Structure formats: structure tokens, C-alpha cells
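Notes follow the structure.
The numbers here are math on the coordinates, done by the rules we state, and not lab data. Here the structure is a predicted model, which is why all the values come from computation and not from measurement. For neighbour counting, all protein chains shown are included, and Cβ atoms are generated from backbone atoms with ideal geometry for every residue, glycine included.
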Amino acid sequence: MPYLRPVNPTGIVRFFRRWEDATTRHRWATAALLHPFVARPGYWIATGAGWVWGALLSRGRMRRAGGVIVATGLPRWAFGRGGTTIGAVYLTRDNDDDSVLAHEAVHRAQWRKFGLAFIPLYIAAGVDARTNRFEVEAGLESGGYRRHIPR
């Protein structure tokens, strides 16, 4: 799925875009990175890291809801935007209504499919949610982006 790129991407974004382009050209590399034997352990590692981060900073305020493990009450510096999904764990302060959790459940599925490769792929997709293919796939409206991003 093509996406728009910012005019002046930072060095790290350029690096991850080149990495993504290289794996796209070499189908065997993509197949190897996305094979469940490789991707699934990355998902488990990310979930473990998200669980530890969430458990420590939420002081144990964690629950299962909407297909994700939700850690609430975190300080605002502990996650990006209104909340961040790491593996199967959604980290937030108080942004946990049903539509947001449905959006985050899609990110959980993306983590499960891509494993740790999700990190560079997400960065390469760009910071603008309207053009980030992972945010678009998860649903901009349910993620709260249409309300906060001017058109």
C-alpha cells in the first residue's frame, strides 16, 4: 500500500525507509522476517516489555479489554500520543474507551504479524497518522485522529 512521505524526513526515518524498501525488493527477506517462527517471538518479547513497563508505571492497574491488556494511569511521558500499544499491551493514562481499544486491537494484530520488525516499519510509515498505513489500517476515526488532526 503506497503512502505519502514527508518532505524532510529525519535520518532515522530515511534509514528505516531504505530498510523497508530493501526488504520489499527482496521477497525472501520479507518472507523470512515475517515468518511466524521469527515474528512471533518478537511479539512475545514486545508484550513482555510492554507488560513490565505498564505494570511498573501503572502500579498494577492493568486489565484485559477489547482484545488488549490495558495499563492505565501511566504518566504522560511513558507513552506516545494518547496511548501506545507494545505487543499486546496498551499503555495510556485514561484514553481507554471502546473505540480506542478496537483501534489498539488492530495494532496488537500488527505486532503479532510483524514481531519486532513492526518498530522500523511503523517509523518508516511516518509520523503523520493520516498517511501512516498502520494507523489507517487500524482506523483513524476509532483511534481519535480525525477529531484531533485538521484536514
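Put the Cα centre of region 36-70 next to the Cα centre of region 100-144 and the gap is 16 Å. Take the Cβ atoms of Phe15 and Arg59, set R0 to 22 Å, and the FRET efficiency comes out at 0.05.
Summing charges over all other residues whose Cβ lies under 10 Å from the Cβ of Tyr43, with Lys and Arg as +1 and Asp and Glu as -1, gives +4. Using a ≥ b ≥ c from the Cα gyration tensor of region 11-137 (square roots of the eigenvalues), is it rounded, prolate or oblate, where a/c under 1.5 gives rounded and otherwise the larger of a/b and b/c decides, a/b for prolate? It is prolate, given that a/c is not under 1.5 and a/b is the larger ratio. Backbone amide hydrogens, once placed in the peptide plane, bring Ile86 within less than 5 Å of Leu91, excluding anything fewer than 5 places away on its chain. For Ala65, the residues whose amide H sits under 5 Å from its own are Val70, ignoring neighbours fewer than 5 places away on the same chain, with H placed 1.01 Å from N. Restricting the GluC sites (Glu not before Pro) of region 88-151 to loop positions (DSSP other than H, G, I, E, B) with no more than 12 neighbouring Cβ atoms within 10 Å leaves Glu141.
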